[in-house]
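Here's the structure we're looking at; comments come further down.
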Amino acid sequence: MTANLVMVPKCINTIIYPFIWLLLIPFVASTYVVKADEFQPSMVIIIDDLGYNLANGLGIVNLPGPITLAVMPHTPYGALLARQGAAADKQIMLHVPMQNHAGLRLGPGGLTLDMDEHQFKQVLREDLASVPHAEGLNNHMGSALTEQTLPMQWTMDVANEMDLFFVDSRTSAASVALQQALSRAVPALTRDVFLDNDTSTDALEIQFQEAMDIAHEHGHAVLIGHPYPATVEFLRKSLGRLDEAGIKLTSATALIRQLQPHLNAL
């Protein structure tokens with residue numbers, strides 16, 4: 001049986017097709033906007049080691065946009081910078097000292113491998129209490145401690161207890177911190193690039209560009225820097241380039257929310 005084809009006169013086509021497109025334009029436009037926003041590359045910039053130098057810390061607080069501040073515990077200006085940062089809509093984290101392989105001094109509030117569970121968790125809770133508005137934590141040094149499963153489990157227990165996220169600064173390639181965070185359902189990220197191991201302008205540019213390339217390639221990047229005057233000045237001049245490159249500067253929690261469906265699947 002052959003189907004009958006109904007031919008529509010050209011004069012009707014010229015009336016119907018424009019009308020159909022007028023109806024579809026709002027849906028096509030809104031779909032494009034949603035997809036563009038959904039897939040816009042994002043970057044988290046975390047500045048570590050805040051709390052010992054007020055002027056350098058305020059330089060970071062005064063940078064535009066949602067920079068994330070990682071504040072050292074029990075430092076002379078840590079609480080003040082955390083409050084100032086929160087007032088400036090910056091996200092606050094605890095930058096918790098953890099034992100390293102080089103034997104470098106940790107300072108107050110350090111977590112070490114010789115601690116038992118009770119002592120470890122007590123020190124970590126006291127560290128958090130010294131940094132107002134802390135919503136998450138990341139490791140300061142920690143190349144030795146982050147390789148060990150048990151202390152990382154204790155860290156995530158406290159993070160869960162206090163509803164915190166965790167960022168693995170990845171000071172060791174053998175770190176199990178991210179693995180333990182995800183296994184205990186702690187929202188977590190990991191560092192992609194260190195910005196300022198070398199503070200020369202050329203080196204800062206190379207690292208910043210690498211972070212932008214990662215954001216474009218993978219959809220997001222986590223960049224960690226320090227409150228050096230050269231870093232502050234570089235970021236002051238360079239943050240505007242993110243928007244020009246189509247990269248959204250965002251907080252750690254905002255990126256975690258964006259990635260949560262993927263993290264839940266791991």
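Quick notes on this structure:
- Spin-label model, Asp116 to Leu54: label points 7 Å out along the Cα-to-beta-carbon direction sit 4.2 nm apart.
- Taking the accessible area of region 124-266, probe 1.4 Å, and keeping the other protein chains in place, the carbon and sulfur fraction comes to 50%.
- Anisotropy class of region 34-113 from Cα gyration tensor, a/c 1.5 cut: oblate
- Dipole orientation for region 129-221: of the candidates Ala188, Gln153, Thr201, Gln153 has the Cα lying most toward the positive pole (charges on Cβ; Lys, Arg +1; Asp, Glu -1).
- Modelled FRET efficiency - R0 41 Å, His216 with Ala102, Cβ distances, 0.05 increments: 0.75
- Cα-based shape type of region 173-232, given that a ≥ b ≥ c are square roots of the gyration tensor eigenvalues and the cut on a/c is 1.5: prolate
- Estimated at 0.36 nm per residue, the fully extended path between Arg125 and Ser200 surpasses their Cα-Cα distance by 23.3 nm.
- Projected label points at Arg184 and Ala245, each 7 Å from Cα along the beta carbon direction, are separated by 3.4 nanometres.
- Each Lys or Arg adds one and each Asp or Glu subtracts one; over the other residues with Cβ under 9 Å from the Cβ of Glu161, this totals 0.
- For region 168-266, size of Cβ-based charge dipole, Lys and Arg +1, Asp and Glu -1, in debye: 520 debye
- In this structure, the amide hydrogen of Leu249, modeled 1.01 Å from its nitrogen in the peptide plane, lies closer than 5 angstrom to those of Met43, counting only residues at least 5 positions away or on a different chain.
- Computed from the C-beta positions of Gln209 and Asn62, the FRET efficiency with R₀ = 25 Å rounds to 0.55.
- Spin-label model distance (nm) - His133 vs Asp163, 7 Å beyond Cα toward Cβ: 1.8 nm
- By definition, a body whose alpha carbon gyration tensor gives a ≥ b ≥ c is prolate when a/c is 1.5 or more and a/b is larger than b/c, and region 128-266 fits this prolate description.
- Couplings 3J(HN,Hα) of region 138-146, computed from phi: 9, 8, 9, 6, x, 4, 7, 5, 6 Hz, in residue order, whole Hz [Karplus 6.51 cos²θ - 1.76 cosθ + 1.60, θ = phi - 60°; x for Gly and Pro].
- Per residue, region 134-176 exposes an accessible area of 34 Å² to a 1.4 Å probe, with every protein chain left in place.
The values are calculated or read from the model by the stated rules, or taken from the named source; none is laboratory data. Keep in mind the model is a prediction, meaning the values are calculated, not measured. Note: ideal-geometry Cβ built from the backbone for every residue, glycine included; neighbour counts use all protein chains shown. Side chains are part of the model used for accessible areas, which takes the heavy atoms of the whole protein and leaves out ligands, DNA and RNA. Shrake-Rupley method; radii C 1.70, N 1.55, O 1.52, S 1.80 Å.
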